[in-house]
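Engineer: Shown below is the structure under consideration.
The values are calculated or read from the model by the stated rules, or taken from the named source; none is laboratory data. Please read these numbers as outputs of a predicted model, since none were measured by experiment. Glycine gets a Cβ as well: all are built from the backbone with ideal geometry, and neighbour counts include every protein chain shown. Please note that ligands, DNA and RNA were not included when accessible areas were found on the heavy atoms of the full protein model with its side chains. Shrake-Rupley method; radii C 1.70, N 1.55, O 1.52, S 1.80 Å.
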Amino acid sequence: TRPILPHGLNGIIVSQYAKIGKNCIIYHQVTIGGKEDKYAPIIGDNVTIYPHAIIIGGIKIGNNAVIGAGAVVTKDVLENAVVAGNPAKIIKYKE
């Protein structure tokens, strides 16, 4: 299924090489960047990415993760983790 875009395509940038799982919610002004397959993010299923988040590089975002507003993610994110900040750090795990 396609990602859910609550604010439409307003400022969303996605690398042509990125892979996005099912039922992802992507808010406005998000960047998912990378060049070539091995340097592009892989986003798992049911991930929520809040406004102004930046996800770059050949990293994996686990299923059910939440990326906080304004987070800069350059390392893998575990399943069910909530990350925030610059650089992004785990602030909690979803139950």
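Engineer: Based on this model, can you work out whether Asp76 counts as within 11 Å of the chain's Cα centre (by Cα), farther than 21 Å from Ile12 by Cβ and not small (Gly, Ala, Ser)?
Structural biologist: For Asp76, the condition - within 11 Å of the chain's Cα centre (by Cα), farther than 21 Å from Ile12 by Cβ and not small (Gly, Ala, Ser) - is met.
Engineer: For the list (1) open to solvent by less than 70 Å² (accessible area, probe 1.4 Å); (2) under 10 Å from the mean Cα position of the chain (by Cα), I need the number of the one condition that Pro51 fails.
Structural biologist: (2) is the only condition that Pro51 fails.
Engineer: Now, a different point. Among the numbered criteria (1) part of a loop (DSSP other than H, G, I, E, B); (2) surrounded by 14 or more Cβ atoms within 10 Å (Cβ to Cβ); (3) β-branched (Val, Ile, Thr), which single criterion is violated by Thr1?
Structural biologist: Only one criterion in (1) part of a loop (DSSP other than H, G, I, E, B); (2) surrounded by 14 or more Cβ atoms within 10 Å (Cβ to Cβ); (3) β-branched (Val, Ile, Thr) is unmet by Thr1, namely (2).
Engineer: So, in region 54-68, of the ones that are open to solvent by less than 40 Å² (accessible area, probe 1.4 Å) and either of a type in the set (Ser, Thr, Tyr) or not in a loop (DSSP other than H, G, I, E, B) (or both), which residue ends up farthest from Cys24 (Cα to Cα)?
Structural biologist: Among those that are open to solvent by less than 40 Å² (accessible area, probe 1.4 Å) and either of a type in the set (Ser, Thr, Tyr) or not in a loop (DSSP other than H, G, I, E, B) (or both), it is Ile55.
Engineer: Any idea how many residues of region 74-95 are assigned to a strand (DSSP E or B) and surrounded by 17 or more Cβ atoms within 10 Å (Cβ to Cβ)?
Structural biologist: 5
Engineer: While we're here: Of the conditions (1) farther than 19 Å from Ile91 by Cα; (2) surrounded by 18 or more Cβ atoms within 10 Å (Cβ to Cβ), Ala71 fails just one. Which one is it?
Structural biologist: Result: Ala71 fails condition (1) only.
Engineer: Going through Asn10, Asn23, Asn46 one at a time, which residue ends up being in a loop (DSSP other than H, G, I, E, B) and either open to solvent by less than 70 Å² (accessible area, probe 1.4 Å) or under 18 Å from Lys75 (Cβ atoms) (or both)?
Structural biologist: The unique qualifying residue is Asn46.
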